[in-house]
1. Tell me, yes or no, whether the stretch 125-139 has at least one residue that is touching a residue at least 40 places away in the same chain (Cβ under 8 Å), in a strand (DSSP E or B) and surrounded by 22 or more Cβ atoms within 10 Å (Cβ to Cβ).
2. Give all pairs with beta carbons closer than 6 Å in which a residue from the stretch 253-269 that is over 12 Å from residue 208 (Cβ atoms) meets a residue that is in a loop (DSSP other than H, G, I, E, B); count only pairs at least 6 apart in sequence or on separate chains.
3. Within the stretch 234-249, take every residue that is under 17 Å from residue 49 (Cβ atoms), more than 7 Å from the ligand (Cβ to nearest atom) and in a helix (DSSP H, G or I) and give me the one that is farthest from the chain's Cα centre (by Cα).
4. Can you spot a residue in the stretch 36-44 that is within 16 Å of the chain's Cα centre (by Cα), outside any helix (DSSP H, G or I) and either surrounded by 22 or more Cβ atoms within 10 Å (Cβ to Cβ) or away from the ligand (no atom under 14 Å from the Cβ) (or both)?
5. Could you say whether any residue in the stretch 208-224 is away from the ligand (no atom under 12 Å from the Cβ) and in contact (Cβ under 8 Å) with a residue 60 or more places away in the chain?
6. For residues that are out of contact with any strand residue (DSSP E or B) (no Cβ under 8 Å at 6 or more places or on another chain) and more than 12 Å from the ligand (Cβ to nearest atom), scanning just the stretch 98-116, find the one that is nearest to residue 142 (Cα to Cα).
7. Inside the stretch 184-199, can you point out the residues that are near the ligand (Cβ under 10 Å from one of its atoms) and either out of contact with any helix residue (DSSP H, G or I) (no Cβ under 6 Å at 6 or more places or on another chain) or more than 28 Å from residue 110 (Cβ to Cβ) (or both)?
8. Would you tally the residues in the stretch 176-199 being surrounded by fewer than 16 Cβ atoms within 10 Å (Cβ to Cβ) and part of a loop (DSSP other than H, G, I, E, B)?
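Taken together, the values in this text are just the output of simple stated rules run on the coordinates, not laboratory data. Predicted, not measured: the structure shown is a model, and the values here were computed from it. Glycine gets a Cβ as well: all are built from the backbone with ideal geometry, and neighbour counts include every protein chain shown.
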Ligand code: NAD
């Protein structure tokens, strides 16, 4: 394996080993190509893969991991518990099934994918993740898409603070309130949709493109470097070989304080691109 890969910083994560700050996300990656693109990401130097039961591609991800020959302890694998398995026993079984599909003995991080407040079982789901961690099936446990009320409730009910919270976050939707709560409670923030999921003009925004030109970098690299500068864990997705390489190389781009501030100024009240977790 080449040693010339970009060096990805890692952040301490409660319960497990440090989490590489930039990983490879596989939402909407067709199961038929999941093994190929994940193999490419691993060959490029990514060591952190973010999948989920609902993505339907855990088997492909697992195949790429097995065939990569990379020692398990050098990899960081996340998967997520879907909404239909929040009941305690269902959650345990769902995690075991994910591990089976991934071909792994444990995952580094297991997340409750959505709180789904209307379903009202998120505390039970969280208790199941605590049990899974105690059994050694998952190293670290966290949540995704939890409104602040439900985040507070699971901590209050169990005394166990999620190691990380994965939320929609990008320059048009900066989630300052949740990030402040995370900082207060020692929860890492992880951004999904870090590039805005291609749903907006973010990568053509003049503030972003001007910084990109100044660094001879791409707009996507500038946006990813902004996430990293804020201490956020991020997991951009691409199935395009050149972009898989380009996105990882963002770890080599350091923005100035003024450049970070210029992107901070892009936050929008209506910048959410995905589903509001409180609405489900
Ligand atoms: P993203 O912001 O990473 O956008 C991906 C899209 O951006 C690609 O499909 C492509 O069109 C474009 N893109 C990627 N690299 C580019 C580049 N270098 N230049 C120009 N365009 C580029 O959005 P995402 O995939 O939704 O989010 C990233 C990951 O986050 C997912 O793959 C998944 O792992 C995770 N995720 C989690 C949740 C959740 O509910 N927890 C929801 C969505 C995504």
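1. Checked against the condition, which is being touching a residue at least 40 places away in the same chain (Cβ under 8 Å), in a strand (DSSP E or B) and surrounded by 22 or more Cβ atoms within 10 Å (Cβ to Cβ), the stretch 125-139 yields at least one hit.
2. So the pair list comes out as 253/217; 267/174; 268/172.
3. Checked the stretch 234-249; the qualifying residue farthest from the chain's Cα centre (by Cα) is 241.
4. Scanning the stretch 36-44, I find no residue that is within 16 Å of the chain's Cα centre (by Cα), outside any helix (DSSP H, G or I) and either surrounded by 22 or more Cβ atoms within 10 Å (Cβ to Cβ) or away from the ligand (no atom under 14 Å from the Cβ) (or both), so the answer is no.
5. No; the residues of the stretch 208-224 include none that is away from the ligand (no atom under 12 Å from the Cβ) and in contact (Cβ under 8 Å) with a residue 60 or more places away in the chain.
6. So, considering only residues that are out of contact with any strand residue (DSSP E or B) (no Cβ under 8 Å at 6 or more places or on another chain) and more than 12 Å from the ligand (Cβ to nearest atom), the one nearest to residue 142 (Cα to Cα) is 105.
7. 190, 192, 193, 197, 198, 199, listed by residue number.
8. Looking only at that region, the number is 2.
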